[in-house]
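S.K.: Sharing a structure here in C-alpha cells format.
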C-alpha cells in the first residue's frame with residue numbers, strides 16, 4: 001500500500017496488480033504502478049450541476065480532503081474501466097446509471113492520472129462502501145471551492161467544470177457515405193447501415209478533444225445520423241440515433257443542431273465536408289465541424 005501513514009487502521013483495502021508507489025522524476029511519488037484513474041460523476045438538475053465527491057480517509061494521502069473516488073489501475077486495465085471500478089468500490093456508484101462522456105489525462109514523466117467524466121443518466125445515492133472514504137455525497141459544483149480539496153483535484157477543477165457536458169455528433173450521412181467510392185451509389189441504404197455500424201464503434205472509442213476544440217483528452221459522443229433519399233429507413237443502433245430527413249438532408253442537419261444547442265449541458269459537433277452546410281451549422285451553434293475521414297477512417 002505504501003508508507004505506513006497511508007495504511008487503513010484495520011487493513012481493509014482492495015489489493016491488486018498495479019498497487020504500489022512510483023518514484024517519478026518530477027520529484028514526487030505517485031500511487032499506481034500502471035498509473036491511476038478517478039471518476040467524476042455529474043448530473044444537471046434545475047439548471048445546476050452536482051458531482052459525486054469523496055471525503056478521503058484520514059490515513060490516506062492528503063487525508064481529510066475532498067476529491068474523486070479513484071485509485072491505481074490494474075495490469076492491462078483501461079482507464080475508463082478502472083475509474084468506474086474504483087468508484088463502485090469506494091463510493092457505491094452504480095455503473096448502469098452512468099454514461100461516460102469524456103476524459104482528461106494528467107501526464108507526468110513516469111506516471112499518469114486519468115479523470116473520467118460520466119453523466120448520471122439515472123438517479124442513485126452514493127454511499128461509503130470501503131475504508132478509503134469518510135463520506136461520499138452529491139455536491140453542488142458552485143459550492144465545491146468552499147471545501148478543502150485534494151490539491152491536484154482543485155488545480156484541475158476549472159477544466160473539469162468545462163467538461164461536465166455531453167457531446168452529440170451530428171453526421172451528414174449522404175456526405176460522409178459519398179466520400180468513399182465503395183459502391184454506395186448502387187445501395188445507399190446498405191452503405192448507410194455500414195456507416196451506422198462504424199459509428200457505434202466510434203462512439204465507444206471516442207474522438208480526440210484536439211480536433212473538436214474541446215478541453216480534455218477524448219470525448220465519447222452520442223451520435224445522430226441524418227439520412228435522406230434512398231437511405232431513409234435505416235434503423236438505429238446502440239449509441240446511434242437515426243433521423244430521416246423529410247426533405248433535404250442539409251436542412252435536417254441544421255435543424256438537429258439547432259434543437260440541441262439550447263441545452264447548456266450539451267455541445268454539438270457535425271461531420272460533413274460540405275462547406276456551405278459547415279457555415280450553417282456553426283451559425284446554429286455547433287462547436288466544431290469535422291471531415292468524413294475522422295469519422296470513417
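S.K.: Could you please find all residues in the range 211-242 being in a helix (DSSP H, G or I) and either within 26 Å of residue 265 (Cβ to Cβ) or in contact (Cβ under 8 Å) with a residue 60 or more places away in the chain (or both)?
M.R.: Within the range 211-242, 211, 212 qualify.
S.K.: Among the candidates 207, 199, 169, which residue alone is modelled with pLDDT of 95 or more and more than 14 Å from residue 226 (Cβ to Cβ)?
M.R.: The match here is 207.
S.K.: Looking at the range 24-50, which of the residues that are assigned to a strand (DSSP E or B) and out of contact with any helix residue (DSSP H, G or I) (no Cβ under 9 Å at 6 or more places or on another chain) is nearest to residue 126 (Cα to Cα)?
M.R.: Step by step, filter the range 24-50, then rank; the result is 43.
S.K.: Still on this model: So for the range 203-210 (the condition being assigned to a strand (DSSP E or B), buried (at least 16 other Cβ atoms within 10 Å of the Cβ) and touching a helix residue (DSSP H, G or I) at 6+ places or on another chain (Cβ under 8 Å)), does at least one residue qualify?
M.R.: Checked against the condition, which is being assigned to a strand (DSSP E or B), buried (at least 16 other Cβ atoms within 10 Å of the Cβ) and touching a helix residue (DSSP H, G or I) at 6+ places or on another chain (Cβ under 8 Å), the range 203-210 yields at least one hit.
S.K.: Output the residues belonging to the range 277-297 that are exposed (fewer than 15 other Cβ atoms within 10 Å of the Cβ) and assigned to a helix (DSSP H, G or I).
M.R.: Matches in the range 277-297: 279, 282, 283, 293.
S.K.: Does the range 251-276 hold any residues that are closer than 16 Å to residue 173 by Cβ and either part of a loop (DSSP other than H, G, I, E, B) or modelled with pLDDT under 95 (or both), and which are they?
M.R.: Result: 272, 273, 274.
S.K.: Related question: Can you name every residue in the range 156-202 that is in a helix (DSSP H, G or I), farther than 20 Å from residue 43 by Cα and either in the same structural domain as residue 118 (by TED's automatic domain parsing) or free of Cβ contacts under 8 Å to residues at least 40 places away in the same chain (or both)?
M.R.: Matches in the range 156-202: 184, 185, 186, 190, 194, 201.
S.K.: Looking at the range 192-214 only, could you name the residues that are over 22 Å from residue 278 (Cβ atoms) and out of contact with any strand residue (DSSP E or B) (no Cβ under 7 Å at 6 or more places or on another chain)?
M.R.: Of everything in the range 192-214, those that are over 22 Å from residue 278 (Cβ atoms) and out of contact with any strand residue (DSSP E or B) (no Cβ under 7 Å at 6 or more places or on another chain) turn out to be 193, 194, 201, 204, 205.
S.K.: Could you figure out which of (1) surrounded by 15 or more Cβ atoms within 10 Å (Cβ to Cβ); (2) in contact with a helix residue (DSSP H, G or I) (Cβ under 8 Å, 6 or more places away or on another chain); (3) at pLDDT 95 or above; (4) at negative phi isn't true of residue 216?
M.R.: For residue 216, the failing item is (4).
The values are calculated or read from the model by the stated rules, or taken from the named source; none is laboratory data. Since the structure is predicted, the reported quantities are computational estimates derived from the model, not experimental observations. Cβ: placed from backbone, ideal geometry, glycine included. Neighbour counts: every protein chain shown.
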